[in-house]
Structures are given as C-alpha cells and as structure tokens.
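Worksheet: one structure, shown below.
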Amino acid sequence: MWIEYAIASFFASAAFGIIYQAPRNTIIKCGLVGMVGWMIYAFLVWKEVDSVPATLTASFVIALISQTLARRSRTPMIIFSVPGIIPLVPGSLAYDAMRNFVLNDYSAAISIAAKAFMISGAIAFGLVFSEVLNQIIKKMKQTKAEVR
Amino acid sequence: MERTEDLIELCLLMGKMMQQNGAETYRVEDTMTRIAQSFGRDESQSYVTPTGIMFTISPGAHAKLVRVSARETNLEKVNLANDVSRKIASGDMSIHEAYKELRKIETSPTDYSILMQIIAATLASGFFTIMFQGSWYDFLPACVAGGLGFIALINFIRLFEIKFVAEFVASLLIGFTAFSLFSLGIGKEVDKIVVGSIMPLVPGLLITNAVRDLMAGHLISGLTKGAEAFLTAFAIGAGIAVMFALF
C-alpha cells in the first residue's frame, strides 16, 4: 500500500506540475515534494491522527522543503509548493459536499464542507507558519551579523 | 518625466503578469514596490486584487489601474518574471530592457504542448484514484474519464468564454464517461473513479489560496478567490449530480 501511495502521489504531483506549467527541470522535484507531503499525511492518518492536524503537519513540511529548494535554485517558492500541496487539497471533500448539496442532503453537505474548509485552513496555516518561521530565522541572522 | 511613466508601466506590467499566472497576492505587491524602490522611488503603493491592480508611484501622483480579466496558473512565467525582478534589483537591467523582456515572456508560447498537458491530466486522474484508496481496476476508467474531461474543459473554455459553463459541461462528460464505463463492467467503485477524474478540474488550489490570502490580511482577494472556488465546485458538483440522477 505504501509503495502504491508513493508512486501515485509522485506522479500525481509531477503531472500537476506539468498542468501548472512548472519549469521543466523542476518537475521531478515537484513530484518528490508532493510525495513526501502525502506520505507524511497518509502515515499520520494511518496512526489515527485526525486529518486536520495531519494536513497541517504535511503542509508545514512541504513548505519547509519548498523553501530550501527555492533558495537553492533561486526561484519563487510556489513552483514547488503548489504542485506539492495538490495531493493534500480537499478536492474530493469539496466535491462530496457539493454532491450532497445538489442531492438535497443539506446536513451532510454542511458538515463535509466544514471539514473541507478546515483542511484548506490547515494547508494555508502550515504554509504561512513555515514562512513566518523562515522570516524570523532570517531576521535573527541579520541582527546577529549586525551585532558582530 | 518620461522615465517615471515608464517605471509605472513596468511595475503594472510586472504586477499583471504575476497576478495572471498565479503568484501570491503579497508577492505581487512586494515585487511592484521593490521594483519602484530599486529606481529610487521609496513611497510607491500598490493594491492588488484578483481582478485588478492599482498602483501609485508616490503620494499625490496619479494612481493607475490595470484590469486582470483572465487568471490561470503558469509557474514558468512566474519564475521568469521573478528572474527579471531579481535582475532589476541587482541593477543589471534598465527599465526599457526589463519592459521588453516582460513583453517577450508574456507572449512566449507555453513550455508544454496541449497534448502533454492532456496526458498529464489523464495520468493525474488515474493516480488520484489510487491515492483515494481506489483499486487498480479503477485506474484506467479514471484516466479515460479525467482525460476526456480535461480535453472538454480546455476546448469549452474557448467556446463559451464563461468558465462556469465550461466546467459544468466538462463534469457532465466526466460523469457520463465514468458511469457508462462502470455500467459496462469496467471499474470497481464508481465513486472513486469520479473523484479521481474530476481532480484536474477541482479548485483545490484556489480554496487554499483563498484561505491563505484571508490569513495574510488580503481580505478582498481572499473573498474573491473563495467565490470563484465556490462557483467552480458548484459547477462540478452539479454536473456530476445530473449524471447521478440519470443513471
């Protein structure tokens, strides 16, 4: 199952890299970022962690890796983070919610939609949190350099 | 005086390009003010929304507006625009050179052919089905449905010009393909096939960006993107639901 997950998430993220027109030499990295993110998520869910904190952790790690890769290749971070978070994105939940809305099952729809909202919030929070952390580290390095 | 006008045009073009191709709102604003700064204008202000960009070079000067009518995600163009802004910041590029370069990037053809994108969407659909715990029996039908849906989407967007309608029709086609294949005995779980094959259409990224913009304090951007995402999700859900009712 884990190998299946690894292969599937790698190709899904890399394919989204192509759909979103990421530069050619970054496609494999996009796939790897997506794979790492999805493996963390799947592992945490398998360990019976709720999907919201699992998503938060995975997106935090994705953002960290994307920042490192971006700094090395001097590209914007979103080139790696956008295809990377695609597997985590609650597309299927959003679809499920909409399906229930259209089928008149409003109470199920609302609860699924709330879950989708929480998960997208978790992804966004993971990304923002790691960016803030990155800025703090940068600032600390700067002040250190100034003191010297 | 002419130099100032050119600088404003450059900043607006840069902002428009980045916004159109899917850069984050804060990065667009940041890049525009930074370009102005590297030509000695420290007091510029920019206001970026998904549908339009306003920019003023100094307090009291005229504000200029540029409309952003179509948005897509093209990371290569964001990357190239970022390169240009980096060169401007390090003083390697004049206003004119940068402007010319940006125009060239704007009109340059996309890196991947349509065919490659279709293949990518096809594979992505299949692999998403696997990730959502579908079996390998569902892989092929998901590929077929997802690929057809993606082809329908890119063609219908040109035809209808209203994205909402194109997405609705594309998801109708996905639903139809998935359910017909399933009733022919191809595939195990129709739900997993459908979920996987709509993934190339689903506005997941838009939802996440919306929440992120809201968190960063770009309230208008966040709400606009949220509305766009909701409309797309509604179109897809409705298209599939029609097929549910029929089969």
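See the values below:
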{"quantity": "0 to 90° range, to nearest 10: angle between helix B:114-131 axis and chain B longest Cα axis", "calculated": "60"}
{"quantity": "For the protein assembly as shown, radius of gyration divided by Kirkwood radius, i.e. Rg to Rh on alpha-carbons", "calculated": "0.99"}
{"quantity": "Rg/Rh (Cα only; Kirkwood hydrodynamic radius) as it applies to segment B:2-107", "calculated": "0.92"}
{"quantity": "Fewest-first ranking of B:Asp83, A:Asp96, B:Asp213, A:Asp105, using other Cβ atoms within 10 Å as the exposure measure", "calculated": "A:Asp105, B:Asp83, A:Asp96, B:Asp213"}
{"quantity": "Loop-resident sites, segment B:53-102, for GluC sites (Glu not before Pro), counting at most 13 other Cβ within 10 Å (DSSP)", "calculated": "B:Glu72"}
{"quantity": "Cross-link table A:Lys141/B:Lys77; A:Lys139/B:Lys64; A:Lys115/B:Lys16; A:Lys29/B:Lys100; B:Lys163/B:Lys188; B:Lys64/B:Lys104, entries beyond 28 Å C-alpha to C-alpha", "calculated": "A:Lys141/B:Lys77; A:Lys139/B:Lys64; A:Lys115/B:Lys16; A:Lys29/B:Lys100; B:Lys163/B:Lys188"}
{"quantity": "Fluctuation leader among B:His218, B:His62, B:His96 - chain B, Gaussian network, Cα springs under 10 angstrom", "calculated": "B:His62"}
{"quantity": "For A:128-135, mean number of other protein chain Cβ atoms within 10 Å", "calculated": "1"}
{"quantity": "At least 15 Å along the helix axis (C-alpha) and Kyte average at least -0.5, DSSP helices within chain A", "calculated": "A:2-19, A:27-46, A:51-73, A:91-102, A:106-147"}
{"quantity": "Rounded to 10°, Cα long-axis angle of helix B:95-107 versus longest principal axis of chain B", "calculated": "10"}
{"quantity": "Relative contact order, percent, chain B [alpha-carbon distance under 8 Å, six or more residues apart]", "calculated": "17"}
{"quantity": "Shielding by partners, peptide A:80-92 (average Cβ within 10 angstrom, other chains)", "calculated": "6"}
{"quantity": "Relative contact order (%) - segment B:114-246, alpha-carbon pairs under 8 angstrom, separation at least six", "calculated": "29"}
{"quantity": "Per DSSP, loop GluC sites (Glu not before Pro) in segment B:1-43 with at most 13 further Cβ within 10 Å", "calculated": "B:Glu43"}
{"quantity": "Chain B: angle of helix B:204-215 to the longest principal axis, Cα-based, in degrees nearest 10", "calculated": "40"}
{"quantity": "Ellipticity estimate at 222 nm from DSSP helix runs (n ≥ 4, -39,500 (n - 2.57)) divided over chain A, nearest 500", "calculated": "-28500 deg cm²/dmol"}
{"quantity": "Share of alpha-carbon pairs per 10 Å distance bin for chain B, given as whole %", "calculated": "7, 27, 28, 20, 12, 6, 1, 0"}
{"quantity": "222 nm mean residue ellipticity, helices alone, for chain B (DSSP H n ≥ 4; -39,500 (n - 2.57); rounded to 500)", "calculated": "-23000 deg cm²/dmol"}
{"quantity": "Distribution of pairwise C-alpha distances over segment A:2-147, 10 Å bins, in %", "calculated": "12, 35, 31, 16, 5, 1, 0"}
{"quantity": "Hull volume in cubic angstrom per residue (convex hull over the Cα atoms of segment B:139-247)", "calculated": "93"}
{"quantity": "Calculated P(r) of segment B:112-185 - Cα pairs past 17 Å, %", "calculated": "46"}
{"quantity": "Chain A: relative contact order in percent, alpha carbon pairs under 8 Å with at least 6 residues between", "calculated": "24"}
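We did not get these values from a lab; they are worked out from the coordinates using the rules stated. Model, not experiment: these values are computed from the prediction. As a convention, Cβ positions derive from the backbone with ideal geometry for all residues, glycine included, and neighbour counts pool all protein chains shown.
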